[in-house]
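What follows is one structure encoded as structure tokens, with my remarks underneath.
The values are calculated or read from the model by the stated rules, or taken from the named source; none is laboratory data. Treat the numbers as computed from the prediction; the structure is a model and nothing was measured. Here the Cβ positions follow ideal geometry from the backbone for every residue, glycine too, while neighbour counts run over all protein chains shown. When the accessible area is computed, the model is the full protein with side chains, heavy atoms only, and any ligands, DNA or RNA have been set aside. Shrake-Rupley method; radii C 1.70, N 1.55, O 1.52, S 1.80 Å.
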Amino acid sequence: MCVALAGCAAGQNAITPGPAPTIRSSTQIDPPLLAYLPTVDELVLIDRGDAELQVQCAARYGVTIDPRLLDMNALLDMYSQDRRYGIVNRDEVEQYGYGSPPSQYHSLERGEDPEQPFEVEVLSGTTEDGSPSQLQDKDGNTLPEGGCGLIGSKESSGGHKRSEWEIAYVLLGEAWDRLLADPGFQAAEADWATCMSKSGYDFQHRWDAANSLTGDDPERSKDMALLDLDCAEETNYIGRAMAIDVAIQNQLISDNEASLRAALDIQKEMLSIAKKALK
């Protein structure tokens, strides 16, 4: 993917971060590249449309299935940037340590519901023994390789590759790599590490604190998380990291403007397809 992005070539360009803000809530963390990704509500709509197109595809091959149910927690875990620079919400840390508070979304997995006859086959395009499905539509056409799972996904995306409409997600990863290499961020890490060393810990990166925990000990997790957050606040680690990250992301946006605008157009097309499928 990197070879297709202008940001790869411009990765060594100097950046000038703005003033480091004081961050005390994850609601203040809003990376500019997120503006080029679908919102949670839009992702839900796209996924529902994808599931419905799979149902419609299965029906063409004489198989009745229920729409796939969305796992909201998995979606939020993938797209959330709330902890991009580590834990930040003190009230959550005081209750859960490094753990996350209970999600407002319920698990939407199908649970104990039995599968419909031929459901796995029509979605995957293969039988139980792994051989190609022989399911046919009304015209006698055999179900293609990949089954209705692949067909539905292609239809819901308008034939576009995921990397085309998720380019901002790829660039978020590139921005993170550049952040780690930035001297200003490394200075923030060093200040945080010095603060932690006063309590007897020898860490280099902020995530080392959580990774040092072993076993299931909620109280130790909470103590470490609070110390971690104390040092992050004392050194303004989060604000310094975000100021640099925002500058990096703004440069990547400038370098990849055409591709990012094209991604927004694809997302609009996908939302239109989803709405039409769900009518």
* Exactly one condition in (1) surrounded by fewer than 19 Cβ atoms within 10 Å (Cβ to Cβ); (2) part of a loop (DSSP other than H, G, I, E, B) is not met by L34; state its number. => (2)
* Specify which of the listed residues (S100, S107) is within 17 Å of L229 (Cα to Cα), open to solvent by 50 Å² or more (accessible area, probe 1.4 Å) and modelled with pLDDT under 90. => S100
* Within the set of pairs 6 or more residues apart or between chains, which connect a residue that is in contact (Cβ under 8 Å) with a residue 24 or more places away in the chain and of a type in the set (D, E, K, R) inside region 248-269 to a residue that is assigned to a helix (DSSP H, G or I) and buried (at least 19 other Cβ atoms within 10 Å of the Cβ) with Cβ atoms less than 8 Å apart? -> D255/G7
* Residues located in region 146-157, provided they are in contact with a Phe, Trp or Tyr (Cβ under 9 Å, 6 or more places away or on another chain) and open to solvent by 20 Å² or more (accessible area, probe 1.4 Å) -> none
* To do: Kindly provide the set of residues from region 185-202 that are in a helix (DSSP H, G or I), of a type outside the set (A, V, I, L, M) and open to solvent by 30 Å² or more (accessible area, probe 1.4 Å), ordered by number.
  => Q186, D191, T194, S197
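Determine whether S163 is of a type outside the set (D, E, K, R) and at pLDDT below 95.
So S163 passes the test.
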* Just need a number here: residues in region 72-91 that are assigned to a helix (DSSP H, G or I) and modelled with pLDDT of 95 or more. => 2
* **Top-ranked residue in region 206-218 [being free of Cβ contacts under 8 Å to residues at least 60 places away in the same chain and part of a helix (DSSP H, G or I); ranked as surrounded by the most Cβ atoms within 10 Å (Cβ to Cβ)]** => A209
* Write out, first by first residue and then by second, each pair whose Cβ atoms fall under 8 Å of each other, whose residues are 6+ apart or on separate chains, and whose first residue, in region 224-244, is without any contact (Cβ under 8 Å) to a residue 40 or more places away in the chain while the second is in a helix (DSSP H, G or I). => L227/M196; L227/A209; D230/C195; C231/W192; C231/C195; C231/M196; C231/Y237; E234/C195
